[in-house]
Amino acid sequence: MNTAQSQPAAAPRRQVYAGYTGKADPSERDRIVHLLQMYRSTEHFNAEYLPLWAQASPSEAMKGGLRIIQAREGVHARLIKERLRELGETEFVEVSQERRAQVEPFFASAERSDVEKLESLVHLFADVDDFFAPITGLIADIKEDLRTRELLRTILDDEYATVKWFRQMYESLAARAAQA
């Protein structure tokens, strides 16, 4: 049974991307490069910490699902980096050490249950359309860079599948925990 002391603080609600920062009147390319830089850093980070969660999980079901999600996140990061290179970028943003220090210990901990970890993600994705709105908004605005538009559109298909799996696993594992 979870107590208030053993539960992590609720994950703050946020969107996948905080929005463009830079020039006062950004071009389509400026907006695209900024989003791709930030998104790639997150996808790369996800691909790095998900195996830590899988190692800490006692559930074979979690290990299997996390494996495929980690692989997709890694592919997304690689494809976005390739696109950034095609757009002329040579330097790439990385997730801050502060964020790594905040996220990795929680998900890598065998002391935290899969239910607790999933609960934090289910909360984060409570309104999945709002969470991904910055990307869907940019996709709708892209008029010239059709390659990037379709790259983002197909990556989002994977992201929605991931969120669906996290929700299903949370419901399944939480129901089992409640019966125990």
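The values are calculated or read from the model by the stated rules, or taken from the named source; none is laboratory data. Everything numeric in this text was worked out from a predicted model, so none of it was measured. All Cβ positions, glycine included, derive from the backbone under ideal geometry; neighbour counts span all protein chains shown. SASA here: full protein model, heavy atoms, side chains in, ligands and nucleic acids out. Shrake-Rupley method; radii C 1.70, N 1.55, O 1.52, S 1.80 Å.
Once Rh is set to the Kirkwood radius over Cα pairs, what Stokes-Einstein translational diffusion coefficient, in µm²/s, holds for the chain at a temperature of 37 °C and a viscosity of 0.692 mPa s? Intermediate results must be reported in sequence, preceding the final value.
Working: Rh = 17.5 Å.
Using the Kirkwood radius from Cα pairs, D works out to 188 µm²/s.
Couplings 3J(HN,Hα) for the range 87-100, derived from phi with the Karplus relation 6.51 cos²θ - 1.76 cosθ + 1.60 (θ = phi - 60°), are 8, x, 7, 10, 10, 10, 6, 10, 5, 5, 4, 4, 5, 4 Hz, where x marks Gly and Pro.
Determine the share of the chain's accessible area contributed by carbon and sulfur atoms, expressed in whole percent, with a 1.4 angstrom probe. Write out the running numbers ahead of the final one.
On the way: 5230 of 10090 Å².
Ligands and nucleic acids excluded, carbon and sulfur give 52 percent.
Once you sort the root eigenvalues of the Cα gyration tensor of the range 93-180 as a ≥ b ≥ c, which label holds: rounded (a/c under 1.5), prolate (a/b larger than b/c) or oblate (the other case)? Here the range 93-180 falls in the oblate category.
Could you tell me the relative contact order of the chain? Use alpha-carbon pairs under 8 Å, at least six residues apart, and round to a whole percent.
Relative contact order for the chain comes out at 30 percent.
If you add up the charges near L79, with Lys and Arg at +1 and Asp and Glu at -1, over every other residue whose beta carbon is less than 12 angstrom from its beta carbon, what do you get? Walk me through the numbers before you get to the answer.
Values: positive: R40, R72, R78, K81, R83, R85, R147; negative: E43, E73, E82, E86, E150, D158.
Residues close to L79 contribute a combined charge of +1.
The residues of the range 43-128 expose on average 51 square angstrom of accessible surface per residue, using a 1.4 Å probe on protein heavy atoms.
Among the trypsin sites (Lys or Arg not before Pro) found in the range 107-180, those both in a DSSP coil and sparsely packed, with 10 or fewer other Cβ atoms within 10 Å of their Cβ, are K143.
Charging the Cβ of each Asp and Glu at -1 and of each Lys and Arg at +1, and nothing else, the dipole of the range 57-154 about its Cα centre rounds to 380 debye.
A simple rule links phi to the HN-Hα coupling: the Karplus curve 6.51 cos²θ - 1.76 cosθ + 1.60 with θ = phi - 60°, which for the range 25-34 gives 10, x, 7, 4, 4, 4, 5, 5, 4, 4 Hz, with x for Gly and Pro. Out of A126, G65, L156, whose Cα points farthest toward the positive end of the dipole of the chain (charges: +1 Lys, Arg; -1 Asp, Glu; placed on Cβ)? Among A126, G65, L156, the one farthest towards the positive end of the dipole of the chain is G65.
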